[in-house]
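Student: Before I ask anything, let me first share the structure, which is written out below as structure tokens.
Just so it is clear, none of the values below were taken in a lab; they were calculated from the coordinates. These figures come from a predicted structure and were not determined experimentally. Cβ placement follows ideal geometry from the backbone for every residue including glycine, while neighbour counts extend to all protein chains displayed.
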Amino acid sequence: MSTSEEQQTPVKPAEGIIPAPLKDWKIQYTKIFINNEWHNSLSGKKFPVFNPANEEKICEVEEGDKEDVDKAVKAAREAFQIGSPWRTMDASERGRLLNKLADLIERDRLLLATIESVNGGKVFSNAYQMDLGGCVKILRYFASWADKIQGRTIPIDGKYFSYTRHEPVGVCGQIIPWNFPLVMFIWKIGPALCCGNTVVVKPAEQTPLSALYVASLIKEAGFPPGVVNIVPGYGPTAGAALSSHMDVDKVAFTGSTEVGKLIKEAAGKSNLKRVTLELGGKSPCIIFADADLDNAVEFAHHGVFYHQGQCCIAASRIFVEESIYDEFVQRSVERAKKYTLGDPLNPGVQQGPQIDKEQYTKILDLIESGKKEGAKLECGGGPWGERGFFIEPTVFSNVTDGMRIAKEEIFGPVQQIMKFKTIDEVIERANHTHYGLAAGIFTKDLDKAITVSSALQAGTVWVNCYSVVSAQSPFGGFKMSGNGRELGEYGLHEYTEVKTVTIKISEKNS
Amino acid sequence: MATTNGTLENGTPDKKMPVLPHPIRNLEVKYTKIFINNEWHESKSGKKFPTYNPSTVEKICEVEEGDKPDIDKAVEAAKTAFQRGSLWRQMDALSRGRLLHKLADLMERDRIILATLETMDTGKPFLHAFFIDLEGCIKTLRYYAGWADKIHGRTIPAEENVLCYTRHEPIGVCGAIISWNFPLMLLIWKMAPALCCGNTIVIKPAEQTPLTSLYLGSLIKEVGFPPGVVNIVPGYGPTAGAAISSHPKVDKISFTGSTEVGKLIKEAASKSNLKRVTLELGGKNPCIVCADADLDLAVECAHQGVFFNQGQCCTAASRVFVEEQIYPEFVKRSVEYAKKRLIGDPFDVKTEQGPQIDQKQFDKILDLIESGKKEGAKLEYGGSAMEDRGLFIKPTVFSEVTDNMRIAKEEIFGPVQPIMKFKNIEEVIKRANSIEYGLTAAVFTKNIDKALKLASALESGTVWINCYNAIYAQAPFGGFKMSGNGRELGEYALTEYTEVKTVTIKLNEKDH
């Protein structure tokens, strides 16, 4: 067993070499985290957490509900008071704490990647390299913004001196999804803490373990009590309590569009708390005849199959120009067939299980609809294995826009390939959805690249690549894929409240 | 806006008296129809509604009553004008700016007409409409005209071998629902940044005050904005307003009005299509007068702060906290000011206070005044309606007000000044912050530490130090807490009217 106490030196793998996951490790943290202390739920209830690869229970976790959320919000409000250690701390010191947290996450990277892989069904090498790598980078990115959150002095009319302060918003409720539990947790607390807010986090009920472990690191790093609070629990109870709480100043949510609407409604009905939403997508990938075909096939493939298709940015509508359509389908099918499914901890496994039964059933239902509605099943098309929620990598060709698989978010390892003739047609079809999260364009032509990327209604457009997400670039949805942006400098905007101060002076000079 | 020393213009008054503008008597109201695609339309239902002059309580004219089908038509027009490849989308940013400047020119040309119309429709003193409302309109238009070609995205040093940049695109079709207290100015506050950023817009003016918005429609057409860029649909909140906030093809809504309705709008936005929402709502704004303040200045600013525009301002200084030692003197001087306030015909140049906007507001204000008396506040002056006139209320001053009284908690939106006492800074900060509103606050002190401490501690979107209602196009304006979501004016408003797109282009390593 390897715990944080035993590992003194950070494990730095050589370039490209991923260590083996930990064996014989124990879950240490299963309680509610408030004021840097561990609490039982006020109701006494607990809920089970499962390993989706074998459907076995990993452990039980304290089940937070409204009363626990109230307690956490109180702690967060206290920590946010004028004059508190957090409010009086230098901005650079806030940044130092975030960097320290990044250091500790690096130190315990192996354990966190193991937890994430087992709880989330994530392929271990991805968890270690991509998820944990991403967490550390994003924390360090926001750590260094902390003392650069600048207001303005403003040349206002009249004899006044006017300036703005970019203050923290206050107590932020943050509701995290299960597809990238730790990464999404860091995407939320990184900018929130950087700007000086305090937070109450509700991790997804399927995947609370990595957030709870990081809570112990937050305490170790030295964040004052009440700055970060974590209440595991369910959406309709703990999540709803946060979004309608009268003393929460802002709520940030990543999840389905359906629940996003409920959250914004609750915010409007309660206290007009500020709202950021990162919701679903049905993101188009447009492959022009002059594209580098191998490049396009590879990126489109990973774009939809990564993490078992459980990505908000999944490239779930691939539009291929007529003349290269058959070749593209053929190469995509070859690519999809080369998969090893299995226990995500095992090296050599490329695809793990879906997160739970509900998702698994929904995906299989959509696959059936594809078959029924006349798409051509090229490979896969059903469940895999005797245990765990595994689904075969599935490719449909001859998909038309009216089919359910072309309209609904699948969130599974299912690739839709459709044909197009002209630029104007494909732009119209790509934009013909309520979603607008991401899009990909594959072409060598400069003009096509720039004009089509301008025309697509998507918050992120990739050209000759896909899924390139980094801390520096803003990420978020057009239309019903979300409200607001995360990451980049833009992410700071969502976590600050602007105050204008105007002072009368006796004489003004420019 | 109202300045610190009582003159209507900024800066020191001229040695010689300026020639004051004169309103147009018996002005003919030319524009009473729905404005879509630069054309005038009748309502689909055939219905019209009346608009009144609150000074005389007489009907001015009837206006076409827009409802859901008219909103649908307007949104269609706005959507078409926003299509990729449209005139508006292809226009240089600089040219968008030129059009906004031109609109400002035309508003200057027709300033007297607009000020006259605004006074007829709202009851605000004509000189206020001319020098404050219209000034605000023109300056705000010119300010945003200048931003049009400076809406910058970024190039971003992302990881990996990519070129990464952001575009700050227009959001699309914006709905704007305007209140009746500053009809033209608040319309410009929304329209200017929206158009500056390249959006198209559907505006619903308040049902009490549609006339200046409709006149503006004629100027929009004259300037040469492409058809469908600006559309104006007069009508009521629960019909036309609700149609906009729940419309699936409206991409963003901006609303100025009560907190109660603001909540309904955010709810409707959520239930429909998650349209983006900006809200400018109510306030119960604290005015904190420290013992070391310049007392004359504080009294005058607090007075104008609460009585300006008949008390019908979201920024009204409706909780005046005065430090114990100077409390009796402050109350005495405030009463003197209130006594001197001239109430009368808004077209008379001497008038400082006109009528309240309508019977509903009038009744609500009188009810709150009665509550003040009942709950034990000391009525220092006023306290009732003017005997012989319809909607006029005497400037009213209450002292010995305590925090639990209705007049200390509820937004009055009338000429009523509640004055309360405080002992020390910590106490007044707590009391000032103890409500769900958070729009503005003012502090009167000469001490630098007090000023900056209060400026930090007050939970308000704007804090004024030794002044009041200093609102200008350059500085952002908006509410903390339940006084609103988002900011208007300044560079900050541009964020509310743009949608960020990140474009990441992979660079071919082989070619480097």
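Student: Can you list the residues, at least 5 places off or on another chain, whose amide H is less than 5 Å from the amide H of residue A:59, using H built in the peptide plane?
Tutor: A:49
Student: Could you check what % of the DSSP bridge pairs in segment A:284-463 are antiparallel, to the nearest 5?
Tutor: 20
Student: For the pair residue A:387/residue B:325, report the inter-label distance in nm, with labels modelled 7 Å from Cα in the Cβ direction.
Tutor: The two pseudo-label positions are separated by 7.9 nm.
Student: OK, next. In degrees from 0 to 90, rounded to the nearest 10, what is the angle of the helix B:448-457 Cα long axis to the longest principal axis of chain B?
Tutor: On a 0 to 90 degree scale, this one is about 60.
Student: Per-residue Cβ counts within 10 Å, from other chains only, averaged over A:161-174: what number is that?
Tutor: Per residue, the number of nearby Cβ atoms from other chains is 2 on average.
Student: Just to be sure I understand the model, the point goes 7 Å from the Cα along the line to the Cβ. What's the resulting residue A:148 to residue B:24 distance in nm?
Tutor: Each label point is offset 7 Å from its Cα along the Cβ direction, giving 5.5 nm.
Student: Counting residues in segment B:34-281 as N, plug N into 2.2 N^0.38 Å and put the Cα Rg over that result.
Tutor: Against the compact-globule rule of thumb, the ratio is 1.02.
Student: Now for a different question. Across 10 Å bins from 0, what is the distribution of all Cα-Cα pair distances for segment A:250-369, in whole percents?
Tutor: Whole-percent P(r) values from 0 Å outward: 11, 31, 29, 20, 8, 1.
Student: Which of A:371/B:501; A:376/B:271; A:122/A:338; B:124/B:339; B:266/B:409; A:202/A:407 have a Cα-Cα distance over 26 Å?
Tutor: A:371/B:501; A:376/B:271; A:202/A:407
Student: How would you order A:233-244, B:215-226, A:308-319 from highest to lowest mean count of nearby Cβ atoms within 10 Å?
Tutor: So the order, starting with the most tightly packed, is A:308-319, A:233-244, B:215-226.
Student: Let me ask something else about it. If I model a spin label at residue A:450 and residue B:56 as a point 7 Å from the Cα along the Cα→Cβ vector, what separation in nanometres do I get?
Tutor: The two pseudo-label positions are separated by 6.1 nm.
Student: What residues qualify as long-range amide H neighbours of residue B:288, i.e. H under 5 Å apart, gap of 5 or more or another chain, H built at 1.01 Å from N?
Tutor: Excluding prolines and chain starts, which carry no amide H, the hits are B:321, B:442, B:443, B:444.
Student: DSSP loop trypsin sites (Lys or Arg not before Pro) in segment A:264-316 with at most 14 other Cβ atoms within 10 Å of their Cβ, which ones?
Tutor: none
Student: Ok, one more. Arrange the peptides B:59-66, B:397-404, A:375-382 so that the one whose residues have, on average, the most other Cβ atoms within 10 Å appears first.
Tutor: So the peptides B:59-66, B:397-404, A:375-382, ranked by packing, come out B:59-66, B:397-404, A:375-382.
Student: Fewest to most neighbouring Cβ within 10 Å: what's the order for A:507, B:267?
Tutor: A:507, B:267
Student: Take B:91, B:185 and order them by how many other Cβ atoms sit within 10 Å, fewest up front.
Tutor: Ordered by Cβ neighbours within 10 Å, fewest first: B:91, B:185.
Student: On average, how many beta carbons from a partner chain sit within 10 Å of the beta carbon of a residue in A:478-486?
Tutor: 4
Student: May I ask you to evaluate 6.51 cos²θ - 1.76 cosθ + 1.60, the Karplus curve with θ = phi - 60°, for each residue of segment B:44-61 and list the ³J(HN,Hα) values in order in whole Hz, giving x for glycine and proline?
Tutor: With coefficients 6.51, -1.76 and 1.60, one gets 5, 7, x, 7, 10, 9, x, 10, 10, 9, x, 6, 9, 6, 9, 6, 7, 6 Hz.
Student: With θ set to phi - 60°, apply the Karplus curve 6.51 cos²θ - 1.76 cosθ + 1.60 along segment B:145-152 and write out the HN-Hα couplings as whole Hz, x wherever there is a Gly or Pro.
Tutor: Result, rounded to whole Hz: 4, x, 7, 3, 9, 10, 8, 9.
Student: So for the protein assembly as shown, Kirkwood radius off the Cα pairs, Stokes-Einstein at 37 °C and 0.692 mPa s: how many µm² s⁻¹?
Tutor: Diffusion coefficient, whole number: 108 µm²/s.
Student: Also: Between residue B:373 and residue B:72, what is the FRET efficiency for a Förster distance of 51 Å, r being their Cβ-Cβ separation, to the nearest 0.05?
Tutor: 0.55
Student: A further question on this structure: For every other residue with a beta carbon closer than 13 angstrom to the beta carbon of residue A:269, add +1 if it is Lys or Arg and -1 if Asp or Glu, then tell me the sum.
Tutor: +3
Student: For B:459, A:258, which order do you get if you count the other beta carbons within 10 Å of each Cβ and list the fewest first?
Tutor: A:258, B:459
Student: Over all residues in A:452-458, what is the mean tally of Cβ atoms on other chains that come within 10 Å of each residue's Cβ?
Tutor: Other-chain Cβ atoms within 10 Å of each residue's Cβ, averaged: 4.
Student: Per 5 Å bin from zero, what fraction in whole % of the C-alpha pairs of segment A:284-463 is there, up to the bin with the longest pair?
Tutor: 1, 9, 19, 22, 20, 15, 9, 4, 2, 0, 0
Student: Return the subset of A:273/B:263; A:45/A:357; A:269/A:479; B:48/B:79; A:137/A:188; B:430/B:481 for which the Cα-Cα distance in this structure is over 19 Å, preserving the input order.
Tutor: Going by Cα-Cα distance, A:45/A:357; A:269/A:479; B:48/B:79 fall outside the 19 Å limit.
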